[in-house]
Amino acid sequence: MEIEVSIDKFVIDYKDVPHSAFLRVYMVGVQKYKVKMKICSGTYSYELHMQKSDDVYIHMYFKNFRETEGHLHTLRIETRPEHYSHFREILEMIGKRASRVEFVSCDVAYDIQTGLENIVVIPTDTRRNMTHFDTHDILVEATNVNGMVTVFYQSFPFPPY
């Protein structure tokens with residue numbers, strides 16, 4: 001049995017980013033990409049979604065609600081690893097203004113040639129409630145496309161703060 005392993009989503013935090021740098025990223029993004037912004041939703045004050053093409057995207061989240069003081073905030077970026085190179089200009093702008101970059105999490109996908117009936121996911125935390133295929137608590141998903149089963153598992157889950 002052959003198993004292919006790949007990283008499907010990679011999340012990093014840029015720390016101590018000024019609001020002016022986030023606004024500059026937004027202005028550059030609007031000129032080059034399809035951009036959608038939400039204000040005051042979820043864990044972050046701003047959500048910025050940029051799309052270069054149908055399958056090339058980057059999601060940005062700025063100013064976690066727990067960051068109440070000062071003018072420097074966290075900018076979280078998530079996308080597939082191969083998409084980072086498409087947004088190099090924006091990432092360089094942010095990197096110059098951030099005090100540091102921190103790894104947050106990544107999703108690891110295991111592609112296994114087998115049927116779904118042979119897949120059992122067992123959580124390492126016995127307090128989690130799960131069913132055979134529906135394990136949203138640990139962000140695991142198994143899909144079957146043309147006989148190839150893909151299992152998604154979020155490794156290294158760290159809370160935002």
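Every read-out reported here was derived from the displayed coordinates using simple, explicitly stated rules and does not represent laboratory data. Source: prediction; values computed, not measured. Here Cβ is always computed from backbone atoms with ideal geometry, including for glycine, and neighbour counts include all displayed protein chains.
So for the pair residue 32, residue 99, with labels modelled 7 Å out along Cα→Cβ, what separation do we get in nm?
2.7 nm
What length, rounded to one decimal in nm, is gained on full extension from residue 68 through to residue 56, with 0.36 nm per residue of separation minus their alpha-carbon distance?
Stretched out fully, the residue 68 to residue 56 stretch lengthens by 1.1 nm.
Using R₀ = 45 Å, calculate the FRET efficiency as 1/(1 + (r/R₀)^6) where r is the Cβ-Cβ separation of residue 24 and residue 114; round to 0.05.
Working from the Cβ atoms, E equals 0.40.
With a point put 7 Å past each Cα toward its Cβ, work out how far residue 84 is from residue 2 in nm, to one decimal.
2.8 nm
Given N residues in region 27-67, what is its alpha carbon radius of gyration divided by 2.2 N^0.38 Å?
Against the empirical 2.2 N^0.38 Å value, I get 1.23 for region 27-67.
What does the charge count around residue 52 come to, taking other residues whose C-beta lies under 11 Å from its C-beta (Lys +1, Arg +1, Asp -1, Glu -1)?
Local charge sum for residue 52: 0.
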